[in-house]
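What follows is one structure encoded as C-alpha cells, with my remarks underneath.
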Amino acid sequence: MKHLFLTTLLIIICAKPDVFSLEIENADSALMLKWQLGYNSGIVTGPVKWIPATVPGAVQIDIAKADNYGLWYYAENWKNYLWMEDRHFTYSVASPADRSQANRSVKPAVSYGWDWHPRLVPSGIWDETGLFIEPEISLNEVQLDYSLNDSLNHATLIMSAAGRNLSGCSYIWSLTDKAGKEVLNEKGVFNDDNLSSKARLNHPELWWPHDQGHPSLYTLRFHLSDKKGNAIQDRELTVGFRRVRMVINTGSTDPAGYPKSRILPPFQMEINGRRIFCKGTNWVNPEVFPGIISAARYEELIDWAVEANFNIFRVWGGGIINKESFYELCDQKGILVWQEFPLACNNYPDDPGYLQILEQESGSIIKRLKKHASLVLWCGGNELYNSWGGMNDQSLALRLLNSQCLKYDPTTPFIPTSPIEGVGHGNYVFRNEQTGQEVFEIMKEAHFTAYTEFGIPAPASVEVLKSFIPANELWPPKPGTSWESHHAYNAWGKNTWLMQDLIEDYFGKSASLEELVAHGQLLQGEGYKCIYEEARRQKPYCAMAINWCYNEPWPTAANNSLISYPNIPKPGFYQVRNACRPALASATISKFKWLPGDLFKTRVWMLSDKPEKTKAGKLRATIVSGDKVLILGTWVYQAMEPNTNQEGPEFSVIMPDLKPGTFKLILEIEGSPELNSEYTMIMEDRF
C-alpha cells in the first residue's frame, strides 16, 4: 500500500497586517499546494473556521468566496469587508512529504513515513564500530562455500581465504559438529595471498527449519601461522548445510492455451528435497533508530516467533538490513529468512548514480548474509510492480539485483518483488467497508499460490496505550490527539487503524476503553485465525501464509501487528499460534454475526504440516453458548501422510434462539486435546 504523509506549514498574520507576499519552493516536486485560511479575533485561541485559500491572493477575496459575499467593488459591498481588519489570519498548507526522497538512497523507505511508522529518518553510526590494528601478515576474508549432491549425503566444500603477505604461511582449517566432534581437518601452505582448498564431508547433518527437523550447525575454524609456525590469526564461522529451491506450486500450471508468455512463477519452498508450507510473518525493524537494537532484543522477538509456530520471516524491503545477530539467531533457532533489498513502494530510477550506489550496497549485503543457513530467498523489494511502484521486468535496478545475486549467491532463489503474479497482498481489515465482505468470505474466494501480506487490525492493550497516550486523551479516542499520531486515525483512511465504527457495529457502543480494546482484539484474533487456516486448507496449491505484520518500531495505538512495542504479544498472537500448530482440527466459518433461524454451515478439516504421519482419530463438533451445548456431528478421519490435509464433512443446523452475545464452535479430537480448536462468533438479538 502507498500512503501520502503531509507536513503542515503555518503562517500567522497579525491584526491589520502590512501587505506581504510569500513564495515557497518545493525542492522535491512541482505539485500544487493546497492552502487553507483560518481566522479568529485572538491569536492564542487559534482559528475557529478554515476555508480554501488562494496564494497569492487576499484574505478578503477568499472569505467573500467561501461565504458568498457580493463583489467588493459593486455598490456599497466594500463595507461588508471592513470587519476583517481586526482579525488574526492563519494560512495553512499541507505540502507533500512522501517517500519520493527514498529512491535516491539506500536508507530504509519506512523512515520517510508509513501508516505505522513516524517520519523520522535516522542518521548516525548504527552498528558496531571500532578500530582494528592488523598485523603485517593478516587475513581479510575467510569463506566456505559448499554444494550438496542429489542424494544430500555428501557435501563438496570449498574453503577460500585472502589477505596480505600470506605467501609461505601455513593454515589449518577444521569443521566440528554440534557435539564438538571434529569431522574435517585440512592443512596446507599459502602459495600467494589467495587460497582455495577443496574437501568432502560425508553424511552431513542437514539444517532444517525448526518445525521440520533440527537446525544443525557446524563450526568452522581457520588458523593462520607465519613461516616460523607462530600463530597469527584465528577465524571462526558457523555453517549449516541445506539445499533450498523455489519450485512450481502444485496445480499452478495449465498446459492449455499455449503459446503463452509465462506460467505462474514458482512459489513453493523446497528445503532438502521436501516441500514445506511456510507459516510466518513480515518482520519490520524493531526500533525507529536501528542503533539501539540489541541482540537480546532480537532474541526476545525471535523466541516469540518460534512459540507462534512460525517458520519464516519476510524481512520487508521498506525496513533495514538487520544486524548480524538477527541472522545468527535465525540460524540457531531454525527460522527461514526471506530477505528483501531496501526498496519499497517506489520507482527506483535507471539512473547511473543511483545504480552505482545500489550495486555497491547490494554486493555488500549479499556477501555478508549469504553464509547464513537461514537465508533462503532474495527479493528485489516490496510492491514494485504496481501503480505506485511503476517498475517492471526491464527496470535496471531489478536487473542489477538479480545479476548481483547470481554473481555472489547463485544457489539461493531470487524474485524481483512481492507480490508477483499469483501471489496475494491483502486483505488488511476484518470487513471491507466498500463491499461489506468479511474476511471469511474474502478468503473463501481467494486463490493464490502464496499470501505474503494480509492483516487484521486491533488496538494495543490498555496498559500499553496508557504508556504513551496522556491520561486526558485516553477516553474517548479522538482524531487530532496522540491516537492519531500513533496511527489509530487517518493512517491510510479516515477510520484506520482503530476502526471503532466497525467494532461497535458488531458489539454495540463501547462503554469504556477496556471494552473497546477487548472487542477489537477479539476481531483480530478470529480474523487472523481464518486467514492462516484457510491458506493451509488451500495446500498444496498455496504454499505460504505470512501476515502483515509481526512487530512494531514504536508504540502504535492500533495496527495489524501481533507484537506491541517493544515486545508485548496481543491476544491475537495466541490465536495465530493456535492456527499455525503443526497439526490441528479446522473449520470453515461463513460469517461472524448470526441471528436465530439462520442456517449455520461448517466444513471440518484436519490440517498437518508435520514431517511425520498423523494418526487416525475422531472429531466432534459442537456449538456452545453459556451452559447450552448443541452437537453438530462427528467425523472419523483416516491416518494422514506427512505434510498433508484431509477434508471432512459439512455440518449444518438451524441456529436456535441463543442468548445474545458471543458463542463458540468447538472441535474436539478424542484422546488428542492438543489438536482441539475453537472459534468465537456473535449471536445478535433479533429485536
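A cut-off of 5 Å between modelled amide H atoms, ignoring neighbours fewer than 5 places along the same chain, links Gly113 with Leu120. Could you tell me how far the Cα centroid of the range 550-615 sits from the Cα centroid of the range 450-466, in Å? Value for the Cα centre distance between the two parts: 13 Å.
Around the Cα centre of the range 248-386, unit charges on the Cβ atoms of Lys, Arg, Asp and Glu (plus for the first two, minus for the last two) sum to a dipole of about 480 debye. Couplings 3J(HN,Hα) for the range 198-215, derived from phi with the Karplus relation 6.51 cos²θ - 1.76 cosθ + 1.60 (θ = phi - 60°), are 10, 8, 10, 10, 8, 6, x, 6, 7, 8, 10, x, 4, 8, 10, x, 10, x Hz, where x marks Gly and Pro. Checking the cross-link filter: which lysines have an alpha carbon closer than 27 Å to that of Lys187, excluding same-chain neighbours under 8 positions apart? Candidates past the 8-residue exclusion: Lys178, Lys198, Lys227, Lys228, Lys367, Lys370, Lys371. Please work out the FRET efficiency for the pair Ser387 and Asn194, using the Cβ-Cβ distance as r and a Förster radius of 60 Å; give the result to the nearest 0.05. Approximately 0.80, to the nearest 0.05. Here's the picture: charge each Lys and Arg Cβ at +1 and each Asp and Glu Cβ at -1 in the range 298-443, and of Asn386, Leu398, Pro419 the one pushed furthest to the positive end of that dipole is Leu398. A straight chain from Thr156 to Asn80 at 0.36 nm per residue would run longer than the Cα-Cα distance by 18.3 nm. If you plug the beta carbon distance of Ala295 and Gln638 into 1/(1 + (r/R0)^6) with R0 = 45 Å, you get a FRET efficiency near 0.45.
Dipole check for the chain: with +1 at the C-beta of Lys and Arg, -1 at the C-beta of Asp and Glu, and the Cα centre as origin, the magnitude is about 1240 Debye. Residues whose amide H falls under 5 Å from that of Trp594, counting only those 5 or more places apart or on a different chain, are Ile682, Met683, Glu684, with hydrogens built in the peptide plane.
Positive-end ranking of Leu37, Tyr91, Asn495 along the dipole of the chain, with charges on Cβ about the Cα centre, is headed by Asn495. Applying 1/(1 + (r/R0)^6) with R0 = 35 Å to the Cβ-Cβ distance of Lys333 and Lys181 gives a FRET efficiency near 0.95. Dipole of the range 52-194 (Lys/Arg Cβ +1, Asp/Glu Cβ -1, origin at the Cα centre): which of Ser167, Leu157, Asn140 lies farthest to the positive side? Farthest along the dipole direction, towards plus: Asn140. Surface composition of the chain: carbon and sulfur atoms hold 52% of the protein heavy-atom accessible area at a 1.4 Å probe.
Database remark: amide H of Ile415 closer than 5 angstrom to the amide H of Trp378, Cys379, Gly380 (H placed geometrically; neighbours at sequence offset of 5 or more, or on other chains; Pro and chain starts carry no H). Site pair Glu445 and Lys591 shows an inter-label distance of 1.5 nm when each label is modelled 7 Å from Cα along Cα→Cβ.
How far, in nm, would the chain grow between Lys659 and Asp234 when pulled straight, counting 0.36 nm per residue and subtracting the alpha carbon separation? Before the final figure, lay out the partial values.
Details: separation 425, 0.36 × 425 = 153.00 nm, distance 7.15 nm.
Here the answer is 145.9 nm.
Can you check what the net charge comes to around Phe277, using other residues whose Cβ is under 9 Å from the Cβ of Phe277 (Lys, Arg +1; Asp, Glu -1)? Local charge sum for Phe277: +3. For a paramagnetic label modelled on Glu670 (point 7 Å from Cα along Cα→Cβ), amide N atoms under 20 Å away belong, within the range 614-641, to 614-623, 630-640. If each Cα of the chain is one equal point scatterer, what is log10 of I(q)/I(0) from the Debye formula at q = 0.11 Å⁻¹? After summing over all Cα pairs, the log10 values are -1.20. Loop-located trypsin sites (Lys or Arg not before Pro) in the range 215-246 (DSSP state other than H, G, I, E, B) with a sparse environment of at most 14 neighbouring Cβ atoms within 10 Å: Lys227, Lys228.
Count neighbours as other Cβ atoms within 10 Å of each site's Cβ, and list the GluC sites (Glu not before Pro) in the range 132-228 that are DSSP loop with at most 15 such neighbours. Each step should come with its number before you reach the end.
Working: sites: Glu136, Glu141, Glu182, Glu186, Glu205; in loops: Glu136, Glu205.
Taking the range 132-228 and a limit of 15 other Cβ atoms within 10 Å, the loop GluC sites (Glu not before Pro) found are Glu136.
Within the range 328-375, none of the GluC sites (Glu not before Pro) combine a DSSP coil assignment with at most 12 other C-beta atoms in a 10 angstrom radius.
Couplings for the range 464-480, taken from phi via the Karplus curve 6.51 cos²θ - 1.76 cosθ + 1.60 with θ = phi - 60°, read 5, 4, 5, 6, 9, 10, x, 4, 6, 10, 5, 9, x, x, 9, x, x Hz in order; Gly and Pro are left as x. Karplus-derived 3J(HN,Hα) values for the range 547-553, using 6.51 cos²θ - 1.76 cosθ + 1.60 with θ = phi - 60°, are 7, 10, 9, 8, 10, 9, x Hz; glycine and proline are entered as x. Normalising by the residue count of the chain, find the relative contact order in percent from Cα pairs under 8 Å and 6+ residues apart. This gives 10 percent for the chain.
The values are calculated or read from the model by the stated rules, or taken from the named source; none is laboratory data. Here the structure is a predicted model, which means the values were calculated and not measured. Counting neighbours? That spans all protein chains shown, and the Cβs are built from the backbone with ideal geometry, glycine included. Quick note on the areas: whole protein, heavy atoms, side chains included, nothing else; ligands and nucleic acids left out. Shrake-Rupley method; radii C 1.70, N 1.55, O 1.52, S 1.80 Å.
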